[in-house]
1. Free of Cβ contacts under 8 Å to residues at least 40 places away in the same chain, part of a strand (DSSP E or B), in the same structural domain as residue 87 (by TED's automatic domain parsing) and not charged (D, E, K, R) - does that describe any residue in region 173-192?
2. Mind telling me which of the residues 107, 83 ends up being of a type outside the set (Gly, Ala, Ser), away from ligand 2 (no atom under 13 Å from the Cβ) and under 26 Å from residue 256 (Cα atoms)?
3. One residue is enough: does region 153-165 have a residue meeting the conditions more than 16 Å from ligand 2 (Cβ to nearest atom), within 16 Å of the chain's Cα centre (by Cα) and in a loop (DSSP other than H, G, I, E, B)?
4. Looking at 299, 244, 281, can you tell me which residue is more than 16 Å from ligand 2 (Cβ to nearest atom), modelled with pLDDT of 95 or more and open to solvent by less than 20 Å² (accessible area, probe 1.4 Å)?
5. Inspect region 218-241 for any residue being more than 16 Å from ligand 2 (Cβ to nearest atom), within 17 Å of the chain's Cα centre (by Cα), open to solvent by 10 Å² or more (accessible area, probe 1.4 Å) and touching a residue at least 40 places away in the same chain (Cβ under 8 Å) and give the result as yes or no.
6. With region 39-102 as the region, which strands (runs of 3 or more DSSP E) entirely inside it contain at least 2 residues that are modelled with pLDDT of 95 or more and among the polar types (S, T, N, Q)?
7. For region 127-152, which positions are among the hydrophobic types (A, V, I, L, M, F, W, C), open to solvent by less than 10 Å² (accessible area, probe 1.4 Å) and more than 16 Å from ligand 2 (Cβ to nearest atom)?
8. Among the residues of region 114-126, is any more than 12 Å from ligand 2 (Cβ to nearest atom) and open to solvent by 30 Å² or more (accessible area, probe 1.4 Å)?
Amino acid sequence: MKKKFRALTMNEFIVQQQNAFPYATGDLSRLLTHIVIAARIVNREVSMAGLADILGETGKENIQGEQVKKLDDFANEQFKSVLGSSIEVCGLATEEEKDLVSFESDLSKEGKYIVCMDPLDGSSNIDVNVSIGTVFSIYRRISEIGTSSVLEDFLQPGTDQVAAGYVLYGSSTMLVYTTGLGVTGFTYDPSIGEFFLSHRDIRTPEKGNTYSVNEGNYLEFPSGVKQYIKYCQEIDVATNRPYTSRYIGSLVSDFHRNMLKGGIYLYPQSNTYPEGKLRLTYECNPIAFLAEQSGGMATDGMGRRILEIQPESIHQRVPFVVGSTQMVQLLEKFMHINS
Ligand code: AHM
Ligand code: MG
């Protein structure tokens with residue numbers, strides 16, 4: 001009988017990957033394991049949220065003018081503290097901090113990498129026990145090693161990402177990441193406290209039958225988006241329509257479902273959000289990198305590949321369309337015809 005081996009832990013997998021590159025120093029591997037540590041702490045708090053006094057708002061507003069939830073704040077502090085005490089990271093930009101955070105210890109200044117992240121995305125779902133996520137993106141610094149990180153380190157286009165991923169705090173907790181060699185997913189076993197390899201080389205279907213968009217904003221959308229939504233709702237047996245509408249309002253969860261099953265997620269420009277709502281550096285770029293690595297596509301709906309947009313500020317917003325390639329291409333066509 002064939003012997004069944006247990007699944008690899010994420011650390012084992014990372015080391016295996018690293019060994020495939022004889023010149024790898026292990027810095028990126030160590031950085032990923034630091035993210036795992038912080039994610040485990042955040043996961044514990046998220047799963048206990050109803051019992052601990054950590055639901056609700058802090059009373060503070062972030063740079064976006066949004067109410068900061070206690071869990072947002074907690075997650076931000078955890079990642080800041082874990083990455084700040086690592087020797088691989090010299091700086092961090094997060095949704096919760098107005099300015100970039102430069103880690104100033106002598107060891108941190110030697111770090112080769114910077115991290116952009118949304119420590120806890122989908123805040124509106126926190127208090128009602130619906131899935132939320134952490135999104136992260138890693139770049140090699142441009143500034144000289146041994147100095148403080150500078151803004152230019154954080155304003156690199158998404159094509160320069162070295163790694164990106166997310167943690168999904170859902171019915172189970174998953175960590176999904178890419179270093180540009182495909183997308184790999186790990187599922188957390190809380191009884192052992194480890195992430196185990198569960199999804200090797202994730203490939204997204206070319207097309208799907210799910211569309212994810214906040215249809216409450218329909219009247220404010222550009223006409224190309226409105227027509228695409230109508231297309232999704234039309235009856236046509238040949239193309240398996242009407243499609244299913246699924247919108248959690250939590251980017252990581254909506255994207256994760258669509259990546260596995262096939263589908264499209266849209267957060268277009270509207271009167272309320274003329275530039276779109278989602279932030280380029282720490283929400284769209286990492287998700288776009290994962291989408292492309294799984295065989296999908298991510299654009300701004302107006303012909304621009306998300307990963308090629310040159311960021312001008314760390315909190316810059318951008319219209320966002322991501323998912324199965326054929327669906328994104330069709331949305332682009334609707335937008336083009338109606339422009
Ligand atoms: P957040 O970073 O404040 O949580 O906002 C980002 C979230 C995404 O996760 C989600 O897809 C979107 O905002 C939902 O926005 P809306 O409630 O406008 O549909
Ligand atoms: Mg967010």
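The values are calculated or read from the model by the stated rules, or taken from the named source; none is laboratory data. Quick caveat, the model's predicted, so the values are computed rather than measured. Note that we place each Cβ from the backbone using ideal geometry, even for glycine, and neighbour counts take in every protein chain shown. Protein only, heavy atoms only, side chains kept; ligands, DNA and RNA dropped before computing areas. Shrake-Rupley method; radii C 1.70, N 1.55, O 1.52, S 1.80 Å.
1. Checking region 173-192: at least one residue is free of Cβ contacts under 8 Å to residues at least 40 places away in the same chain, part of a strand (DSSP E or B), in the same structural domain as residue 87 (by TED's automatic domain parsing) and not charged (D, E, K, R).
2. Among 107, 83, only 83 is of a type outside the set (Gly, Ala, Ser), away from ligand 2 (no atom under 13 Å from the Cβ) and under 26 Å from residue 256 (Cα atoms).
3. yes
4. Residue meeting the stated conditions: 299.
5. no
6. Where strands (runs of 3 or more DSSP E) fall fully within region 39-102, none carries at least 2 residues being modelled with pLDDT of 95 or more and among the polar types (S, T, N, Q).
7. Within region 127-152, just 138 meets the criteria.
8. No, because not a single residue in region 114-126 is more than 12 Å from ligand 2 (Cβ to nearest atom) and open to solvent by 30 Å² or more (accessible area, probe 1.4 Å).
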